[in-house]
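Dropping the structure in here first, questions after.
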Amino acid sequence: MAKPRSNRFVWYELLTTDVKAAKGFYTHVVGWGVRDLAMPGSAYSLFTAADTPVIGLMNMPEGARRAGAVPHWMGYVGVPDLDSAVGRVTELGGAIRVPPVDIPNISRFSIIADPQKATLALVKGMKPGEAPAVELGTPGHVGWHELFAADWQKAFAFYSKLFGWQKTRADAGPTGTYQQFSVDGETIGAMSAKPETLPLPFWLYYFNVGDVEAASKRVEDGGGEILYGPIAVPGGAWIVHCKDPQGVLFGLLDRRSRKVIETFVSSRKRGAK
């Protein structure tokens, strides 16, 4: 049965200060293709997986730069009624960063911040019969969504009331409880307390790769940085936290359960001595 798109992540964008460099870095690391679009008033590009658009890419708006914004990833959650959802955001203690905007014949969206200032976009497509959400494990797509919150319990209360997300499995993590959440019966992400070294709460998105140790090497070869991992997570998958050359944080996810990665981890430890 096809998964509905309401109240789950349906799109992602990278807002950056160097589109050309971002294209080179992510196509090398993740293996995406690139497609450029003609958009009124601005340039917009798509990262593709198997020729299917998965990510949007654009220069950060000048107004956002002047306001002090830095390059970042933005996730879009599909909602059945955008204006109603935006109204609930303020009722629940969140804030509206960008009021509802129409992209003619494509969508209507708004950028919000939760009560702890982590940002997301809400979106309602304008075309009937839109494609259903893809499987989390699809190669080249986003496979996991992680919120690093100042207080994950308060954050979960906000999102559960806004989107109807439900708690699932909870594990003990490096910063305390790692609470997974689901939509329509499918677990799609988790929330936990952010490390004290991170200044603000934020959403971290993980891109599916077939070989996380090889992808980690490509991150470093491309001028990025490995911040954490590769490391095994409950369920047998492997993850790594990375920073791209413009300082944007992202994750890589390899769902294969295996031990061969230990060779790569050991070599990194020896190299760090």
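With a 1.4 Å probe and all protein chains left in place, how much accessible area per residue does the chain have, in Å²?
Numbers: 13250 Å² over 273 residues.
Here the residues of the chain average 49 Å² of exposed surface.
Follow-up question, since we're still on this one. Search the structure for amide H atoms under 5 Å from the amide H of L227, placed 1.01 Å from N in the peptide plane, and list their residues when 5 or more places away or on another chain.
Correct list: H241, C242, K243.
Rounded to the nearest 5, what % of the DSSP beta bridges within the chain are antiparallel ones? Mind dumping the intermediate values first?
Working: 60 of 75 bridges.
Here the antiparallel bridges make up roughly 80 percent for the chain.
Here is a follow-up. Tell me the label-point distance for the pair A43, L92, using the 7 Å Cα-to-Cβ offset, in nm and rounded to one decimal.
Output for this residue pair reads 3.7 nm.
Among (i) 24.8, 105; (ii) 18.2, 57; (iii) 19.7, 66, which is the computed Rg and Dmax of the Cα atoms in Å?
Answer by label: (ii).
Along the Cα→Cβ direction, 7 angstrom out, place labels at A172 and D102. What is the inter-label distance in nm?
My value for the distance between the label points is 5.5 nm.
Sorted by accessible area (1.4 Å probe), largest first, how do H141, H72 line up?
Details: H141 25, H72 50 Å².
Of H141, H72, the descending order of accessible area is H72, H141.
Need one number: nm distance between label points at V233 and A214, each 7 Å from Cα along Cα→Cβ, rounded to one decimal.
Output for this residue pair reads 2.1 nm.
As a check on your grasp of the helix formula, calculate [θ] at 222 nm for the chain: sum -39500 (n - 2.57) over DSSP H runs of n ≥ 4, divide by the residue count, round to the nearest 500. Before the final figure, lay out each step's value.
Working: 6 runs with 61 residues, N = 273.
One gets -6500 deg cm²/dmol as the mean residue ellipticity at 222 nm.
So which trypsin sites (Lys or Arg not before Pro) in segment 43-125 pass both tests, a DSSP loop state and at most 15 other Cβ atoms within 10 Å of the Cβ?
Values: sites: R65, R66, R88, R97, R108, K117, K124; in loops: K117.
Here the sparse-neighbourhood loop sites are K117.
Same structure again: Taking all protein chains in place and a 1.4 Å probe, what share, in percent, of the accessible surface of the chain do carbon and sulfur account for? Before the final figure, lay out each step's value.
Values: 7210 of 13250 Å².
That fraction is 54 percent.
The values are calculated or read from the model by the stated rules, or taken from the named source; none is laboratory data. These numbers come from a predicted model, not from an experiment. Counting neighbours? That spans all protein chains shown, and the Cβs are built from the backbone with ideal geometry, glycine included. For accessibility, only protein heavy atoms count, side chains too; no ligands or nucleic acids. Shrake-Rupley method; radii C 1.70, N 1.55, O 1.52, S 1.80 Å.
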